[in-house]
Amino acid sequence: MNTVTLGASRIGYELRVYFRQGDSVFFTFLFPIVMLSIFAVAFSTSGNIGSAPDGSGGISFAAFYVPGMVAAGMLLSGVQNLGVDIAGEKGDGTLKRLGGTPLPVFSYFMGKIGMVLVSSVLQVALLLLVARFAFNVALPTEPGKWLTFAWVFLFGVITSCVLGIALSALPRTGKSATAVVIPIVLLLQFISGVYLNFAQLPGWLQNVAAVFPLKWMAQGMRSVFLPESFEAIEPGGAWNLGSVALVMGLWLVVGLILCRLTFRWIRKDS
């Protein structure tokens, strides 16, 4: 079997393992959908966001939270899922055993990234279905919006995967992986406009969030799902999709370098 064929077979294997783990499915696959439902129900009586003084217009809280939850799903599926999963495989000796087989490193990563891509597509499809039919959120109809969605989504998922692989080198043991990875991911979600209105955060906190890719992933998704009137409250008064691509591209390069420097089948200190 060649490298690509082995990688394709690993994708199927990784998907089966992933969906058999109830905690992983809840905290990465279903978590954005659960959070969207909580926010939509909790603020269902609070009126619309961005409405006129007479109360007309605007969008519901469910619609407002959709882009943030899409971005959170991309981060959770890539960074949190792979960061914890690979660290656990290092800790329990799985990587050591795989290192003793003819499995190429490329095939291993192809399986991991392919699993994240497939599960992320299923996740965002389910999220949008829940938003549309459970909370009556109007989805974009313009082809250009969906084209923007496609490249931001794919770029964001791949960048998140690479960063998750790099982050897996940080926990010293598999048991400590969740304690190391989850707080980082959770903190980024709070400062990047996922759970809180980014425009209402202090300027210095917005500047901190702008260093990391999640803020830009959420901003790119807001350009897809929010009305054009919301563009004016973005930093700089524009969606700034060029910067979205630039920052994610920089983090992708940084992640690839870190993966090259840190990944090994056996821990260096083992």
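The values are calculated or read from the model by the stated rules, or taken from the named source; none is laboratory data. Keep in mind that this is a model prediction, so the values were computed, not measured. FYI the Cβ positions are ideal-geometry reconstructions off the backbone, even for glycines, and counts take in every protein chain you see. Ligands, DNA and RNA are excluded from the accessible area calculation, which covers all protein heavy atoms including side chains. Shrake-Rupley method; radii C 1.70, N 1.55, O 1.52, S 1.80 Å.
Worth pointing out:
- Looking only at residues in segment 136-179 that are in a helix (DSSP H, G or I), β-branched (Val, Ile, Thr) and open to solvent by less than 30 Å² (accessible area, probe 1.4 Å), the one that is nearest to Asp85 (Cα to Cα) is Ile165.
- The set of residues in segment 237-248 being assigned to a helix (DSSP H, G or I) and surrounded by fewer than 19 Cβ atoms within 10 Å (Cβ to Cβ) consists of Gly237, Leu241, Gly242, Ser243, Ala245, Leu246.
- Scope segment 213-236; condition open to solvent by 40 Å² or more (accessible area, probe 1.4 Å) and not in a loop (DSSP other than H, G, I, E, B); matching residues: Glu228, Ser229, Glu231, Ala232, Ile233, Pro235, Gly236
- Test: residue in segment 229-252 that is among the small types (Gly, Ala, Ser) and closer than 30 Å to Thr101 by Cα: no
- Residue within segment 20-41 that is closer than 28 Å to Leu214 by Cα, among the hydroxyl-bearing types (Ser, Thr, Tyr) and either touching a Cys at 6+ places or on another chain (Cβ under 6 Å) or assigned to a loop (DSSP other than H, G, I, E, B) (or both) present: no
- Every test in (1) under 30 Å from Leu252 (Cβ atoms); (2) loosely packed, with under 13 Cβ neighbours inside 10 Å; (3) of a type in the set (A, V, I, L, M) is passed by Ala71 save one, and that test is (2).
- When Val224 is tested against (1) at pLDDT below 95; (2) touching a Lys or Arg at 6+ places or on another chain (Cβ under 7 Å), just one condition goes unmet, and that condition is (1).
- The lone exception for Phe27 - which of (1) modelled with pLDDT under 90; (2) buried (at least 17 other Cβ atoms within 10 Å of the Cβ); (3) over 23 Å from Leu196 (Cβ atoms) it fails: (3)
- When segment 76-96 is filtered for residues that are assigned to a helix (DSSP H, G or I) and open to solvent by 10 Å² or more (accessible area, probe 1.4 Å), the ones remaining, listed by number, are Val79, Gln80, Asn81, Val84, Asp85, Gly88, Glu89, Lys90, Gly91, Thr94, Lys96.
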